[in-house]
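Written out below as structure tokens is the structure these notes cover.
The values are calculated or read from the model by the stated rules, or taken from the named source; none is laboratory data. Not measured: the values here are computed from a predicted model. In this analysis, Cβ positions are derived from the backbone assuming ideal geometry, glycine residues included, and neighbour counts consider all displayed protein chains.
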Amino acid sequence: MSEKDLNGRALKVAFIGSECYPFVKTGGLGDVMYALPRALQRQGCEVRVIMPCYRCIPDKYKRMMQHRASFMMDLTRDGRTFFVGIMEAELDGVTYDFIENREFFDWGNPYTGLWEDIPKYCYFSKAALAALNCLDWIPDVIHCHDWQAALAPVYLRTHFAGTPVGSARSVLTIHNLRFQGICGIEHLKFWTSLPDELFNYPVFKINDGEANMFKGGLAFADRITTVSAAYADEIQTDFYGEGLNGHLWYHRQKLLGIVNGIDVEQWNSQEDKLLTAPYDGEDVLQKKPENKKALQERLGLSTEGDQFVIGLISRLTDQKGLDLIDAVFTQMLDEHTQVVILGTGDPRYENAFRYYEGEYKGRVCAYIKYDESLAHQIYAGADALLVPSLFEPCGLTQLIAMRYGTVPIVRETGGLKDTVEPYNENTGEGNGFTFDRYEAPLLLDAVRRARRVYTEDRDRWNAVVTRDMAKDVSWQRSAGLYMDLYAELAEQ
Ligand code: ADP
Ligand code: GLC
């Protein structure tokens, strides 16, 4: 039994969120929904993960699911009731409950557009709480993630007050404040049938008179967390606050930043079956060139000479600093530098990278897809990984890169600032190459500084590689901080 137990019994926490690896993942939220419950479980917490049963979940996982219960649930103002099915599966000791409803979750992708997504996640947040009552599994804390689950803390204190689950406390984690679930007030009133008095300025209403689901959830949650300490400060400012900075400042007493980790079993270069030459901190310097060569061959890049390979693994959106990369792309390249891009997203970036691949065949590869196996091979085969984000709540790719001995080149913002210690030219200490202001020449300078150390001072470069591999990027410490938070809430 863990020392964090409540009077001898384990803490019970229900995770509520819209995606979770390996069932559905579109970005880092999916990784966290997978890795954090496992880390908490190891620390003696009982965790259940509740997520939608999307059609796109691969059949091999659907076959693992068992029907646990079904019932009808009130939702809309017109009194219509909706079907809720609970499908259950267990993976490595964690229980997953999938909320089933064809009307909402039978689309190809989890997210389709706000018109469908607002009703879908109003339904999901309410169904998740109803499922806990139905399963008679009453958690100490419901831990909700991003705007898609933001209504759960609101329902908890309204429709579910006085029911068994109403005794739980709530935590709402901001993974990305850019997406908030904004719609007309009447639309949200219709889909939630929440009391009229909540549609005022302190809860759902925003300046332009619309309703904001995230804002309401943040007002009602007992605690708010975000995924790094730096982002917790940043979102209280105009630049990063996405219109909610005043609201977050008002609620700052309950706001806390806890940096993400990664699952070090999922990301383990020594056991990674997707790599040509698995390696650890001892033989990384011998094995990385083999992985680099395999990557170059797979992607049609030249294997001639000693190439400095820069990777980018990212959703292709303006959050990720792609405008900076575009502005200095040709200057970043030389005959000893290659760039590998893996990502999908905004067509304007997809096309820009395709163009560079066409122009610089053999030196640039733009792989415009979502591909887990190639991601692993880039983390292992590249020398450096670029993350020059405009804003970055935490960022996982720089953590995975370090774990694979790939040196991050990042902008000092959010979690990037908290996790990558800048290389010090005088002492050779540090984990990566960084720049501060969002300006393309500064990115170019950081890339050039990295390349200079790689080509002219290989011993120091190698020291950064081995230091990065030894860095603790696991969930252990941060899971402990969440345990403390849950215990504090449960004892109140
Ligand atoms: P975000 O959540 O903002 O997209 P993170 O850095 O937190 O950014 O997490 C991104 C996750 O998605 C990482 O696990 C990364 O490896 C993965 N990823 C992003 N794009 C791709 C892609 N095209 N193919 C495979 N994995 C990807
Ligand atoms: C979001 C953020 C990213 C973070 C991830 C997981 O998608 O953009 O920075 O790492 O969530 O918390």
Open item on the list: For the range 122-155, give me each residue that is in contact (Cβ under 8 Å) with a residue 60 or more places away in the chain and of a type in the set (D, E, K, R).
Closed with: LYS126, ASP140, ASP146
- [ ] Identify, from the list GLY362, GLY415, GLY358, the residue that is small (Gly, Ala, Ser) and either within 9 Å of ligand 1 (Cβ to nearest atom) or in contact with a helix residue (DSSP H, G or I) (Cβ under 7 Å, 6 or more places away or on another chain) (or both).
- [x] GLY415
- [ ] From the list PRO347, PRO388, pick out the single residue that is of a type outside the set (S, T, N, Q) and either in contact with a Ser or Thr (Cβ under 6 Å, 6 or more places away or on another chain) or under 17 Å from PHE433 (Cβ atoms) (or both).
- [x] PRO388
- [ ] Would you check which residues across the range 318-354 are surrounded by fewer than 18 Cβ atoms within 10 Å (Cβ to Cβ) and touching a Gly at 6+ places or on another chain (Cβ under 7 Å) and list them?
- [x] HIS336
Open item on the list: Need a quick list: helices (runs of 4 or more DSSP H) entirely within the range 86-171 having at least 2 residues that are touching a Pro at 6+ places or on another chain (Cβ under 8 Å) and closer than 23 Å to TYR486 by Cβ.
Closed with: 114-135
Task: Selected residue (only one of VAL453, VAL420 is within 19 Å of the chain's Cα centre (by Cα) and more than 11 Å from ligand 1 (Cβ to nearest atom)) - done: VAL420
Task: Output for the range 404-424, where each listed residue is surrounded by fewer than 24 Cβ atoms within 10 Å (Cβ to Cβ), more than 13 Å from ligand 2 (Cβ to nearest atom) and touching a residue at least 12 places away in the same chain (Cβ under 8 Å) - done: GLU412, PRO422, TYR423
Task: Check on VAL387, buried (at least 24 other Cβ atoms within 10 Å of the Cβ), within 16 Å of ligand 2 (Cβ to nearest atom) and either free of Cβ contacts under 8 Å to residues at least 60 places away in the same chain or closer than 23 Å to GLY414 by Cα (or both) - done: yes
- [ ] From TYR356, TYR370, grab the single residue that is touching a strand residue (DSSP E or B) at 6+ places or on another chain (Cβ under 8 Å) and not in a helix (DSSP H, G or I).
- [x] TYR370
Open item on the list: Looking for something under 24 Å from TYR240 (Cβ atoms) and small (Gly, Ala, Ser) - is there at least one such residue anywhere in the range 150-160?
Closed with: yes
TODO: Residue by residue through the range 442-457, note down the ones that are touching a helix residue (DSSP H, G or I) at 6+ places or on another chain (Cβ under 7 Å) and either more than 30 Å from THR237 (Cα to Cα) or surrounded by fewer than 22 Cβ atoms within 10 Å (Cβ to Cβ) (or both).
DONE: LEU444, VAL453, TYR454
Task: the range 181-205 residues that are on the phi > 0 side of the Ramachandran plot, paired with ones that are surrounded by fewer than 20 Cβ atoms within 10 Å (Cβ to Cβ) and among the polar types (S, T, N, Q) (beta carbon under 9 Å, 6 or more apart) - done: SER193/THR76
Task: Enumeration of residues in the range 45-71 that are outside any loop (DSSP other than H, G, I, E, B) and under 25 Å from the mean Cα position of the chain (by Cα) - done: GLU46, VAL47, ARG48, VAL49, ILE50, MET51, PRO52, ASP59, LYS60, TYR61, LYS62
Task: Hey, ASP5 at pLDDT below 95 and either within 16 Å of ligand 2 (Cβ to nearest atom) or not assigned by TED's automatic domain parsing to the domain that holds GLY85 (or both) or not - done: yes
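Matching residues to (1) surrounded by 17 or more Cβ atoms within 10 Å (Cβ to Cβ); (2) touching a helix residue (DSSP H, G or I) at 6+ places or on another chain (Cβ under 6 Å); (3) closer than 27 Å to ARG169 by Cβ:
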{"residue": "ILE16", "(1), (2), (3)": "yes, yes, yes"}
{"residue": "LEU29", "(1), (2), (3)": "yes, no, yes"}
{"residue": "LEU36", "(1), (2), (3)": "yes, no, yes"}
{"residue": "PRO52", "(1), (2), (3)": "yes, yes, yes"}
{"residue": "CYS56", "(1), (2), (3)": "no, no, no"}
{"residue": "ASP74", "(1), (2), (3)": "no, no, yes"}
{"residue": "THR81", "(1), (2), (3)": "no, no, no"}
{"residue": "ALA89", "(1), (2), (3)": "yes, no, yes"}
- [ ] Run down TYR423, TYR454, TYR482 and say which single residue is in contact with a Lys or Arg (Cβ under 9 Å, 6 or more places away or on another chain) and aromatic (Phe, Trp, Tyr).
- [x] TYR423
- [ ] Please state which of the following conditions ALA327 fails to meet, knowing it meets all the rest: (1) more than 9 Å from ligand 1 (Cβ to nearest atom); (2) small (Gly, Ala, Ser); (3) touching a strand residue (DSSP E or B) at 6+ places or on another chain (Cβ under 6 Å).
- [x] (3)
